[in-house]
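Here's the structure we're looking at; comments come further down.
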2 protein chains.
Amino acid sequence: MNHPFLNIINEKVVIFDGAMGTQLIKRGLKPGECPELWNIEKPDIIETIHKSYIEAGAEVIETNTFGANRIKLSHFGLSDKVGEINFKAVQIAKKAAGGKAFVALSVGPTGVLVEPYGPLSVESAVEVFKDQISSALEAKPDMILIETMSQLSEARAAVIAAKEICDLPVIATMTFEESGKTLMGTDPATALFVLSSAGADVVGINCSLGPDKIAFPLQEMSKYKCIPILVQPNAGMPVLSEGETVYPLSPEEFAKSCLKLSSIGLNAIGGCCGTTPEHIKFLKHSFLKIEPLKVMPFLNTVICSDKKTIILTGKDPVKIIGERINPTGKKALSEELKSGKLSGVIREAALQKNAGADILDVNLGVPEIDETSLMKKVIPALQEAVNIPLAIDSSNPNTLEAGLRVYTGKALVNSVNGSKESLEKVLPIVKKYGAVVIGLTMDESGIPKTAGERLRIARKIIKAAENYGIPKQNVIIDCLCLTAGTQQEQALETINAIKLIKEELGCLTALGVSNISYGLPRRNLLNRAFLSMALSAGLDLPIINPLDNDLLEIIKASDVLTGRDRNASLFITFAKATKDRDSEKQFFLENIIPESSPEKKL
Amino acid sequence: MNHPFLNIINEKVVIFDGAMGTQLIKRGLKPGECPELWNIEKPDIIETIHKSYIEAGAEVIETNTFGANRIKLSHFGLSDKVGEINFKAVQIAKKAAGGKAFVALSVGPTGVLVEPYGPLSVESAVEVFKDQISSALEAKPDMILIETMSQLSEARAAVIAAKEICDLPVIATMTFEESGKTLMGTDPATALFVLSSAGADVVGINCSLGPDKIAFPLQEMSKYKCIPILVQPNAGMPVLSEGETVYPLSPEEFAKSCLKLSSIGLNAIGGCCGTTPEHIKFLKHSFLKIEPLKVMPFLNTVICSDKKTIILTGKDPVKIIGERINPTGKKALSEELKSGKLSGVIREAALQKNAGADILDVNLGVPEIDETSLMKKVIPALQEAVNIPLAIDSSNPNTLEAGLRVYTGKALVNSVNGSKESLEKVLPIVKKYGAVVIGLTMDESGIPKTAGERLRIARKIIKAAENYGIPKQNVIIDCLCLTAGTQQEQALETINAIKLIKEELGCLTALGVSNISYGLPRRNLLNRAFLSMALSAGLDLPIINPLDNDLLEIIKASDVLTGRDRNASLFITFAKATKDRDSEKQFFLENIIPESSPEKKL
Ligand SMILES: [Zn+2]
Ligand SMILES: [Zn+2]
Ligand SMILES: [Zn+2]
């Protein structure tokens, strides 16, 4: 996006304004009064506050619309005023700015719990935010500032709403607790990756903590250097003094503390609760010669739930995708899903997570079932039950989109293939939700016979993805295996394809291994051997049954052999922690001296 | 070797003569009389017999020296006549031939058991045959014909004796029983490969059976088409008629039966017991227009004991080298060896063979022990105890040679490396005994760090071997693995080296896997994973502890995945025959529905 604000923010640290709420109270706002109503009733006061911030040096001012959404306004019986309040608020700010400052539409939380944390659906939240933002757009704000969010799902819904109805820059900042996470348990990196994948152009941290305590979450965000960061701290941690909430930092102290944050890396700074035009004046002065964070593309693959981020470098221990949430061949699970019961999938999720799965594949392909509706129900239920990322698995693009829309995270999509139809239907969805997609090396002609042909299809998928604006790191190639029982010569082709594709395309690979043994006896044994082979070829994401402990052990051992588990440190810990069933055997093997001789010679 | 006889035998079927013994009896030789003494006492009769065969059409006549070795002659009190008898015999035959036929020095068995079958050492047998052959050489025979051998060790000792004292063509033929094997249990292919690797220029079958029954062993030899074959059948299977041994086939019948053998493939034919000049006359006539077997180099790797041949194509199920006969770190075994007891190594051999080992590595590196003397004792003892091939393993070239000399078979030598000293000391020995050598990819500078460097050393070893006349198929490359505990980044280099060396050099590979886990916990688990990886890269000969059943299972499974176990037929049989411990587990994994819920959600 080529927008003046987005250009400037990469060249200098942009100064945002300070608090609106505390300024309004100073000017007579009573407890229980609706601050946003003043846009209609006392526009001059709002304009004065904006002007004081601009005079103090603010380059971006925020509209008085923090609570101007339908749900918040309804507490004041003002839900029919959403349109007027937001329109007016932007109008006032634009007038105050007079072209000398950017106007950011402030979008705050609804105050209700959004799924997976509570009853409000993601879709309803999106509608609430669209309602607010669309009214404001007529007055032409310069950007949308989603702020003070403590629920990642709500922040993400607001970003989606903004992106779907306008082309303005979208900023999304969340509040973090002393724990370093949001109230709902989202860590800063996850907030960063999920919000940026949903379309935010700037992310950051506001409110809650003073500048000192913001250092940790800021560090956790800025270390990736992949998106500009806005920080708006409070004027210190609030303290109660004579029954009143007081923010302790003086303008000078505030500016000094903020300056310390600049060495961590940020692109814009302003103030939240307790800050005044005087605070912004000192801030502006302090940041005159500060260089902004230098942003560049982040080239690793990132997959997130709402509470967990997995960064795949291709050099760290492999991550396991659990394959068990799939009703194919599972009668009990199918029946439960048909009757609308989710306990089966939740049980499978918990079992797999406990067994060691890093990501859970979610396939709901039950015949005679509305897979899309089911996916909308299952994804939030799974996200509430387990905190690891999900792979949304369907051959139906509508189901994939439904899942992606309600999924609070940066999902894995399973899958696209090399056929024209699949690429055209799946890739736009992947792009929109910033997901990572598994590309199957098959096309209209089916699964090719050679490693070279698989490489050709992989290249085609990556190229098509890039044409849709999906970077290569968001495509993971699945080289597909057939059963060795009927297509024996193909087993090594799959292994060779993994090596070839990694070498030629430098992308990550996934592979479901269990199909290799279909129709043969001793399936687990064959799966184990095949898995080691695939891992030595460079497989990054085995798709397995994580309850098969032998497979997990093979993965841990292979991570040592492929150098992913550096110095075998995880393996040594694992060996200590698990019952060492091999050590007894090793002793036996080294010391065996049978009493009776096995051949006549003795 | 460029010798007129060896040229002719590849262009036409060469006719040998018939029996000497039955001709002598016809002319008055009494039971209990020494037939070879007639070379001195009645040379004219011998000359007459030779002439009658030449007139009948024989192109090669055999001297009357079948029993003219020191041991056989000692039964007649003639052990001091070895020199005179053999010299005279050749003289008589040369006179009879008059340049119109080749003269072959007949060398028959000593009549005593040679190790590993009995008390006479290989070295003593070699000395007995050298004694006989060297006396004959002064009269300039055209070739040495070692015949009617039923002990492979004795036949091989005679070949070694001949090759060490002359440059004449050496033929070695053995007698086979109705079972298709020699009396001591050697199959025809093993006889073929072991005798040719010891230096025989022609191998074959004589005596014992009539031409019809020779079809099977002949087929088993000629199918490899790698060396010219001589067949000398009896005139049918002997029958007792009125107290006399009678050979039933008339000259015409004999020739007709022999002609049938020609379609199987042979290069020379004559008669043994019961055949007469008349038989040879019909034979000559029958074979006038018969094409000989077309001989060409055999390009697969062959390793043999005295009773078993392993042909390595690189495409069949991998063969396992058992690593347990190695006193390093085995106190009990070391102590036994120091006190001269062989029961320990024999027990280890039997255990490993029973567990599924195909080849046994024999390393006797005990400090403060005469490794060379010990090797000379251990090899025959092991050959008597187990019938699978051995790998003679030592860093001392003298020990290697001592082992090779007494080993009745075509041994594997473990090992040579890329250093100048090792190549110069080990390769001549490997060449002399026709052994297969394991080439370690290390040299004066130690083990290289990259796969590419390992390839360079492998190429150097193969080239050096070829310079010594050792064909590429007799070199197996060991890419060597270091422990992942201290040289983690090297693990994949070993795997990559296997693939690279197989692709670039087209040779077979061996690898000891257990070193990979040295110093780490859960060694067997790491070994299993590493073994699968090496097998997928193409490893042909894993060197393992065959008592580790998990490793054997991984090998069986990998053979399916790499296509070596075609249609998984061995694997399916194995799965049926073994207790299917995975199947219960598989059922559990597919059907698990725990009663109590693992997370609060349920
Ligand atoms: Zn605040
Ligand atoms: Zn604020
Ligand atoms: Zn005979």
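The values are calculated or read from the model by the stated rules, or taken from the named source; none is laboratory data. Note that the structure is predicted; figures quoted are calculated from it, not measured. No Cβ is skipped: glycine too gets one built from the backbone with ideal geometry, and neighbour counts run over all protein chains shown.
Checked against (1) more than 16 Å from ligand 1 (Cβ to nearest atom); (2) farther than 15 Å from residue A:179 by Cα, residue A:239 passes all but condition (1). Of the residues that make up the stretch A:486-499, is at least one of a type in the set (Val, Ile, Thr) and within 9 Å of another protein chain (Cβ to nearest Cβ)? Checked the stretch A:486-499: at least one residue is of a type in the set (Val, Ile, Thr) and within 9 Å of another protein chain (Cβ to nearest Cβ). Among the residues examined, residue A:319 qualifies as more than 14 Å from every other protein chain (Cβ to nearest Cβ), closer than 23 Å to residue A:189 by Cβ and assigned to a loop (DSSP other than H, G, I, E, B).
Condition check for residue A:209 on (1) assigned to a strand (DSSP E or B); (2) of a type in the set (A, V, I, L, M); (3) within 16 Å of ligand 1 (Cβ to nearest atom): one failure, at (1). Looking at the stretch B:178-229, which of the residues that are away from ligand 3 (no atom under 16 Å from the Cβ) and on the phi > 0 side of the Ramachandran plot is nearest to the chain's Cα centre (by Cα)? Ranking the candidates gives B:199 first. When the stretch A:68-83 is examined, which residues are found to be within 16 Å of ligand 2 (Cβ to nearest atom) and either closer than 30 Å to residue A:287 by Cα or in a helix (DSSP H, G or I) (or both)? Across the stretch A:68-83, the qualifying residue is only A:72. Looking across the stretch B:306-316, not a single residue is outside any loop (DSSP other than H, G, I, E, B) and acidic (Asp, Glu). Taking the stretch A:216-305 as the region of interest, the strands (runs of 3 or more DSSP E) fully inside it that hold 3 or more residues being touching a strand residue (DSSP E or B) at 6+ places or on another chain (Cβ under 9 Å) and either within 16 Å of ligand 2 (Cβ to nearest atom) or without any contact (Cβ under 8 Å) to a residue 40 or more places away in the chain (or both) are A:229-232. Read through the list (1) crowded, with 18+ Cβ neighbours inside 10 Å; (2) under 26 Å from residue B:296 (Cα atoms), then give the number of the only condition that residue B:209 fails. Unmet condition: (2).
Number of residues in the stretch B:48-63 that are under 22 Å from residue B:125 (Cβ atoms) and in a loop (DSSP other than H, G, I, E, B): the value is 1.
Scanning the stretch B:508-525 for residues that are without any contact (Cβ under 8 Å) to a residue 40 or more places away in the chain and under 26 Å from the mean Cα position of the chain (by Cα), we see that the one that is farthest from the other protein chains (Cβ to nearest Cβ) is B:509. Within the stretch A:39-59, can one find any residue that is more than 16 Å from ligand 2 (Cβ to nearest atom) and buried (at least 24 other Cβ atoms within 10 Å of the Cβ)? Among the residues of the stretch A:39-59, at least one is more than 16 Å from ligand 2 (Cβ to nearest atom) and buried (at least 24 other Cβ atoms within 10 Å of the Cβ), which makes the answer yes. Residues in the stretch B:325-349 that are exposed (fewer than 14 other Cβ atoms within 10 Å of the Cβ) and either assigned to a loop (DSSP other than H, G, I, E, B) or not assigned by TED's automatic domain parsing to the domain that holds residue B:305 (or both): B:328, B:329, B:339, B:340, B:341. Looking across the stretch A:22-37, the residues that are surrounded by 17 or more Cβ atoms within 10 Å (Cβ to Cβ), within 16 Å of ligand 2 (Cβ to nearest atom) and part of a helix (DSSP H, G or I) come down to A:22, A:23, A:24, A:35, A:36.
Right, residue A:352: in a helix (DSSP H, G or I), under 20 Å from residue A:196 (Cα atoms) and within 13 Å of another protein chain (Cβ to nearest Cβ) or not? Judged against the criteria, residue A:352 is not a match. Of the residues making up the stretch B:83-105, those that are surrounded by fewer than 24 Cβ atoms within 10 Å (Cβ to Cβ) and within 12 Å of residue B:133 (Cβ to Cβ) are B:83, B:87. Do we find that residue A:241 is over 25 Å from residue A:469 (Cβ atoms), at pLDDT below 95 and within 22 Å of the chain's Cα centre (by Cα) in this structure? So residue A:241 does not fit the description; no.
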